[in-house]
Amino acid sequence: MISYAPFWKTLENKGISQYTLIHTHHVSTGTLDALRKNKSTTLATIHDLCILLDCDITDIVEIEKE
């Protein structure tokens, strides 16, 4: 299963709020909702988040073995 738990930890560690992502960096609420619910998202979106947050992919997503 794909988990975006590292994304939320990265946001917290960097002191970036969801409000800032939406209003300053124009991340859609739909994207944040998909990440919150561990729904699939494109690699392009993950790439954009990595660039935005200046982090690695492992700081955004992890694979949990079921």
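Assorted remarks:
- Pairs linking a residue in segment 2-18 that is over 10 Å from Thr58 (Cα atoms) to a residue that is assigned to a loop (DSSP other than H, G, I, E, B) and acidic (Asp, Glu), with Cβ atoms under 7 Å and 6 or more positions apart or on different chains, are Ser3/Glu64.
- Helices (runs of 4 or more DSSP H) contained in the chain and holding at least 1 residues aromatic (Phe, Trp, Tyr), at pLDDT 95 or above and open to solvent by 70 Å² or more (accessible area, probe 1.4 Å): 18-23
The values are calculated or read from the model by the stated rules, or taken from the named source; none is laboratory data. Source: prediction; values computed, not measured. Backbone-built Cβ (ideal geometry, glycine too); neighbour counts: all protein chains shown. Accessible surface is based on the protein model in full, side chains and every heavy atom, while ligands, DNA and RNA are left aside. Shrake-Rupley method; radii C 1.70, N 1.55, O 1.52, S 1.80 Å.
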